[in-house]
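Notes follow the structure.
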Amino acid sequence: MEVNAARALAGARTCFVGIGLPSTAANLARATANPDLVLIYESGTIGSKPTRLPLSIGDGELAETADSVVSVPEMFNYWLQGGRVDVGFLGAAQIDRFANVNTTVVARGPDRPEGRLPGAGGAPEIASNCRRVLMVLRHSVRNFVPALDFVTTLGHGAGPHDRARLGMPGAGPVAVITDLGILRPDPATAELVLTDLHPGVSTDQVRAATGWNLRVAAQTAVTAPPTPAELLALRGLKAAGKKAAP
């Protein structure tokens, strides 16, 4: 999953990085598929080159290795809302068939309080203003749901025209990369469609892990297995991150 997410950044110039799996993928991309990729973090760092996986957007190594550090208002007003970022890379707690995202709150059943999640952060602005958006998360019916408990971040709304109607300049989510395969929005309906399977994964497995009747492309591709170099780079990043963790 992380290797395929890194490969999806090949050719990108700038990437606004979410923490967690997106950060792993973006840093792996710099080490493999796209050494010149400029990593941008919400804390105001531009061109960060961490030697390990950052612990958070406030990790000091992001600032120490950056080409520039700007204020958060400048980051959002000038760089992000100004349309100066190629790719936004996000995670999700829940995602629906139109790639809308919930990272705020989840229902836990009758007579139980809501489960609180980290919240929006910069995700709504990232999804609205980056030229395109990639998402990475693990594939399960808990995450891929028929209806979100809360809409934190708009993907494609309720269909292909919602983003334009709301004045969102970016293309929105173009791929959702999971541990089972890759889903992409149908050009006509904006509904997510399974287009790629990882080696050894079946269509039935992906459908069983999805909370709606998932559409499958007429011809699905099979992603290439990770190369030894990609695995070495990924393991190196994770090992360095564990050493830095408190």
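The values are calculated or read from the model by the stated rules, or taken from the named source; none is laboratory data. Remember, it's a predicted structure, so these values are computed and weren't measured experimentally. All Cβ positions, even for glycine, are placed from backbone atoms using ideal geometry, and neighbour counts span all protein chains on display. The accessibility values were calculated without ligands, DNA or RNA, using every heavy atom of the protein model including side chains. Shrake-Rupley method; radii C 1.70, N 1.55, O 1.52, S 1.80 Å.
A few remarks follow.
- Among residues of the range 40-49, those that are open to solvent by less than 10 Å² (accessible area, probe 1.4 Å) and part of a loop (DSSP other than H, G, I, E, B), counted: 3
- Top-ranked residue of the range 56-107 - restricted to ones that are of a type in the set (Phe, Trp, Tyr) and not in a helix (DSSP H, G or I), ranked as surrounded by the fewest Cβ atoms within 10 Å (Cβ to Cβ): Phe98
- Restricting attention to the range 110-120, the residues being open to solvent by less than 60 Å² (accessible area, probe 1.4 Å) and closer than 19 Å to Val72 by Cα number 2.
- Among the candidates Ala239, Ala224, residue that is part of a helix (DSSP H, G or I) and small (Gly, Ala, Ser): Ala239
- Residue under evaluation Glu230, criteria (1) of a type in the set (Asp, Glu); (2) within 24 Å of Pro35 (Cα to Cα); (3) exposed (fewer than 15 other Cβ atoms within 10 Å of the Cβ), criterion not met: (3)
- Answer from Val206, Val176, Val216 - the residue that is modelled with pLDDT of 95 or more and assigned to a helix (DSSP H, G or I): Val206
- Boolean, Thr195 is farther than 16 Å from Ala93 by Cα, of a type in the set (Val, Ile, Thr) and loosely packed, with under 15 Cβ neighbours inside 10 Å: no
- Candidates Ala221, Ala158, Ala190, filtered to the one that is in contact (Cβ under 8 Å) with a residue 24 or more places away in the chain, within 21 Å of Leu9 (Cβ to Cβ) and not β-branched (Val, Ile, Thr): Ala221
- Test for Gly11: is it among the small types (Gly, Ala, Ser), open to solvent by 10 Å² or more (accessible area, probe 1.4 Å) and more than 16 Å from Ala224 (Cα to Cα): yes
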